[in-house]
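Engineer: Have a look at the structure that comes next, please.
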Amino acid sequence: MSGSSATVLIVSDIHHAGPAEQARRGYELACAPNWPVRQLIAAYRGYYWLRDPLGNSRFFNAFLQRAGAADFVVANGDYSADSAFIGVADDAACASANECLSQMRARFGERLHATIGDHELGKTSLVGGKGGLRLASWERTVGELALRPCWQFAWGRYVFIGVTSTLLALPLLLREAPADEHPAWRKLRAEHLATVRTVFASLSPDQRVLLFCHDPTALPFLAELPEVQARLGQIEATVIGHLHSELILRKSRLLAGLPPIRWCGVSVARMSTALHRAKIWKSFNVRLCPSLTGIQLLKDGGWLTAQLDAEARTPAKFKFHPLPWSEVA
Ligand SMILES: [Fe+2]
């Protein structure tokens, strides 16, 4: 930090798998109800999304070795492989997330700020309807992992704000939680909304916002808050994760406005409803931080940096740093 400029390092969707999760090879295929679905999932994961979701550690290590000096570091959610689909209530996933966060805290210390991703809290499997949101995962996320649901700090004219997308988008996700947990989740959401409203209400008109939100599905819900709505023009960039690749972000923009598909399972309903409301993403100046691997098809992962001018005379300069698979041992 030179006084008038600062470097922000941003990483997302690390999906680190520690030894206990790595021992769960084939965990997703095991959810498939029959042979044809198993073949479809194997093809989708193998050729398009990510063939080895438990092999991200070498990418994480490469990131830790290669990332340059930074004044602020933001990790934008999803620290484990969530191989039991219930978030960090699962001991193995919690151990992975803990390892991941501990290594980053050791490397970056107080400069690290971390948002909560959907996989910390549990997410129903793509097929087979296994897992989902778990309150026990919330308790561990804010307790053992010490992640803060909403954080903010100011530097120069900039205010960095981190929010929890799962709580904001809860109306879409609550069906993935056990019914007896619904009241507690609603209460957490109400508390989070109140905090976010206070944070945005306290912005002064000359401040610029860098918003960090794991899943863009949350953005239409944020836009419904009058305090956020009134300050949308101050949001210089909203850094999202979750989509893992620019290709997915481009496709999402293309499909924005699509009617929700509610008859094809929890995952399709979740994704199509998100796309239905995706047009509003534009007002947030969305910028994707991909996963470190990117997707199998393009191998297009990496991380971002942003150069900030304290007076915000020029907009933040974002730069993508690719992590070529051929260079990761
Ligand atoms: Fe992710």
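The values are calculated or read from the model by the stated rules, or taken from the named source; none is laboratory data. Model, not experiment: these values are computed from the prediction. Note that we place each Cβ from the backbone using ideal geometry, even for glycine, and neighbour counts take in every protein chain shown.
Engineer: Within 16 Å of the ligand (Cβ to nearest atom) and out of contact with any Leu (no Cβ under 6 Å at 6 or more places or on another chain), is that true of Ser57?
Structural biologist: Taking the combined requirement at face value, the residue satisfies it.
Engineer: Continuing with the same structure: Condition check: at pLDDT 85 or above, part of a strand (DSSP E or B), of a type in the set (Lys, Arg) and surrounded by fewer than 16 Cβ atoms within 10 Å (Cβ to Cβ). Does Lys319 satisfy that?
Structural biologist: It is true that Lys319 is at pLDDT 85 or above, part of a strand (DSSP E or B), of a type in the set (Lys, Arg) and surrounded by fewer than 16 Cβ atoms within 10 Å (Cβ to Cβ).
Engineer: Follow-up. Of the residues Cys213, Cys150, only one is surrounded by 23 or more Cβ atoms within 10 Å (Cβ to Cβ), under 25 Å from Thr305 (Cβ atoms) and either of a type in the set (Lys, Arg) or in contact with a strand residue (DSSP E or B) (Cβ under 6 Å, 6 or more places away or on another chain) (or both); which?
Structural biologist: None of the other options fit; the residue is Cys213.
Engineer: Out of Asp82, Asp91, which single residue is in contact with a Lys or Arg (Cβ under 8 Å, 6 or more places away or on another chain), in contact (Cβ under 8 Å) with a residue 40 or more places away in the chain and not aromatic (Phe, Trp, Tyr)?
Structural biologist: Only one candidate passes the filter, namely Asp82.
Engineer: Take the residues of the range 74-117 that are assigned to a strand (DSSP E or B) and either of a type in the set (S, T, N, Q) or under 26 Å from Leu174 (Cα atoms) (or both): which is farthest from the ligand (Cβ to nearest atom)?
Structural biologist: Ala114
Engineer: Another question, if that's okay. Give the residue that is surrounded by the most Cβ atoms within 10 Å (Cβ to Cβ), with candidates limited to residues of the range 108-142 that are over 21 Å from Val11 (Cβ atoms) and over 19 Å from the mean Cα position of the chain (by Cα).
Structural biologist: Only one residue tops the list, namely Val127.
Engineer: Moving to a separate point now. Here's a check for you: in the range 220-261, which residue that is in a loop (DSSP other than H, G, I, E, B) and within 15 Å of the ligand (Cβ to nearest atom) is modelled with the lowest pLDDT?
Structural biologist: Top of the filtered list is Ser245.
Engineer: Look through Glu120, Glu144, Glu139 and report the one residue that is charged (D, E, K, R) and within 16 Å of the ligand (Cβ to nearest atom).
Structural biologist: Going through Glu120, Glu144, Glu139 in turn, the sole match is Glu120.
Engineer: State yes or no: is Leu174 touching a Pro at 6+ places or on another chain (Cβ under 8 Å), more than 16 Å from the ligand (Cβ to nearest atom) and either in a helix (DSSP H, G or I) or over 28 Å from Thr314 (Cα atoms) (or both)?
Structural biologist: Against the criterion (touching a Pro at 6+ places or on another chain (Cβ under 8 Å), more than 16 Å from the ligand (Cβ to nearest atom) and either in a helix (DSSP H, G or I) or over 28 Å from Thr314 (Cα atoms) (or both)), Leu174 does not qualify.
Engineer: If you don't mind, there's one more thing I want to ask. When you check Val37 against the structure, is it farther than 29 Å from Val159 by Cβ, away from the ligand (no atom under 16 Å from the Cβ) and either assigned to a strand (DSSP E or B) or over 20 Å from the mean Cα position of the chain (by Cα) (or both), yes or no?
Structural biologist: yes
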